[in-house]
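Taking it in order: structure first as structure tokens, then the write-up.
The values are calculated or read from the model by the stated rules, or taken from the named source; none is laboratory data. Just so it is clear, the model here is predicted, and its values are computed rather than measured. Please note: Cβ atoms are built from the backbone with ideal geometry, for glycine as well, and neighbour counts cover all protein chains shown.
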Amino acid sequence: MQSLPNFESERTGVPSLESLKGLLHTVGDPQYSFRTIHITGTNGKSTVASVATHILAVGGVSVGTFSSPDLGELTDRIMLNGYPVAMDTLDEELTSLAQIVDAFRITGLTQFEALTAAAYSLFAMQGVEVGVVEVGMGGTWDATNVVEAEVSVITSVGEDHLAQIGPTLQDVALAKSGIVKPGSTLILGNIREDLVEVIERRPHVRTLRLNEQILIANKRQGVGGWMFDLSTPRGDYAQLFASLRGSHQVENVALAIAAVEELKEGSIAHQIVERSVATLALPGRFEVVAMDAKKLVVLDVAHNPDAAAHLGASLTQELPLFKGWIVVFATTHDRSPAEFIRAIGASSIDLLVSIDLGDPTQVDPLGVAEIASSLGVKSELRSDLDSAIFDHLRALRDDQLLVVTGSHKLVGKVRNLLKG
């Protein structure tokens, strides 16, 4: 797979899915062997995918999940009933597909397309009943968009990837709407009205919108999560507890429940929903790691201003005793460090530690440190990630948090470091 171009970090040329479609057709079109919930959105899509997967699995449905990016383990992108596929199994499937590519002289395939083909093929071989599929970027020309989804979810429309699928938010909305198929149900998160109008031009059966047909009530903070009531056209669910930090995650849980309902065309047993949402664990999504009784690390893959704002609000609301943050940060070249720092809350940052990951796709770490300083945030540049983490853990005051954020790669590395 390494010999194929990697367009997850940079996309060039005229978009086309013909190479992928050709490969899948050669192996029997496995993408049509299972029913699909297809999810896109600037933020929240991984949470929706994880929650939908958990509800289906708890309910006894055989489910395959394809998501991206990962936190350092490629196999985490392809899950069967909530568990990562074995590396040997993935290697065998990729090798088999590579042989077919060579034999049939299929050209123009990318790494992400090869991985998508492997996921769909493995789902078919394992007899998966439902595929929960997260878009990589956009929608229309994303490799995942060779499925015929019965339920399409668009969580949000923001300014990520304007260079690739913009330049306007209307263009982004149009690209994301490409996952909506004739005959499908469309589920929408909090999206601007003018962008909803763009999305709804795609032929589909009906639309369910958060705060209209999908109603959350009595949302309140609990210990380690949030309590809420949910009402949808298919059912009512009272006194649910979602074991996720961040009040915004309740909206993602609601979208996931509605998506599963629409797929099964009916309500879900209350005990299945209750058990599912109470036992959620999402790595890298406001994940709190306790190093000892007083030292906490928060790992969060927030990578754009909207996600940073949610993170900042959640830190303040969920962990109010910690008044200052040591933020360990790295981000990729199409992001604005200044916007991120402002959004998370510059006044709460005691120190921003800009990490040099040696990654050519990241924003210049020295430049990040300088930007932070220009915003009145004390900063430092570090190239040894391990020592940076442990040095600052040792130096944490009782009222300080260590917050690791900005990119999946950084969060994944620190997560592996802390959890072994």
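Give the stretch 281-321 a look and list any residue that's within 13 Å of Thr405 (Cβ to Cβ) and assigned to a loop (DSSP other than H, G, I, E, B), or say none. Matches in the stretch 281-321: Gly284, Arg285, Phe286, Val301, Ala302, His303, Asn304.
Figure legend. Inter-residue proximity from the stretch 380-400: first residues in the same structural domain as Val363 (by TED's automatic domain parsing) and touching a residue at least 60 places away in the same chain (Cβ under 8 Å), second residues part of a loop (DSSP other than H, G, I, E, B) and of a type outside the set (S, T, N, Q), beta-carbon distance below 7 Å, spacing 6+ or different chains. Indicated pairs: Leu393/Met291; Leu393/Lys295; Leu396/Lys295; Asp398/Lys294; Asp399/Leu321; Asp399/Phe322; Asp399/Lys323; Gln400/Phe322.
Every condition in (1) β-branched (Val, Ile, Thr); (2) surrounded by fewer than 21 Cβ atoms within 10 Å (Cβ to Cβ); (3) more than 19 Å from Asp160 (Cα to Cα) is met by Thr332 except one, and the failing one is (3). Count of the stretch 358-380 residues, restricted to those that are outside any loop (DSSP other than H, G, I, E, B) and loosely packed, with under 13 Cβ neighbours inside 10 Å, is 3.
Kindly establish whether Ala114 is among the aliphatic types (A, V, I, L, M) and at pLDDT 95 or above. When the stated conditions are applied, Ala114 passes them. In the stretch 198-251, counting only strands (runs of 3 or more DSSP E) that sit wholly within it, the ones holding 2 or more residues that are more than 25 Å from Thr185 (Cβ to Cβ) span 215-222, 225-231, 236-242.
Considering only the stretch 312-359, state which residues are of a type in the set (D, E, K, R), over 23 Å from the mean Cα position of the chain (by Cα) and within 18 Å of Ser374 (Cα to Cα). Across the stretch 312-359, the qualifying residue is only Asp350.
Each row is one residue, and each column tells you yes or no for (1) modelled with pLDDT under 95; (2) touching a Phe, Trp or Tyr at 6+ places or on another chain (Cβ under 9 Å).
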residue	(1), (2)
Val146	no, yes
Glu159	yes, no
Leu169	no, no
Ala217	no, yes
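Scanning the stretch 252-280 for residues that are part of a loop (DSSP other than H, G, I, E, B), more than 18 Å from the chain's Cα centre (by Cα) and not small (Gly, Ala, Ser) returns Glu265, Ile268, Thr279. Please determine whether any residue of the stretch 59-67 is touching a residue at least 24 places away in the same chain (Cβ under 8 Å), more than 25 Å from Ala242 (Cβ to Cβ) and touching a strand residue (DSSP E or B) at 6+ places or on another chain (Cβ under 8 Å). Looking through the stretch 59-67, none of the residues is touching a residue at least 24 places away in the same chain (Cβ under 8 Å), more than 25 Å from Ala242 (Cβ to Cβ) and touching a strand residue (DSSP E or B) at 6+ places or on another chain (Cβ under 8 Å).
The residue of the stretch 68-94 that is farthest from Gly139 (Cα to Cα), among those that are surrounded by fewer than 20 Cβ atoms within 10 Å (Cβ to Cβ) and charged (D, E, K, R), is Asp88.
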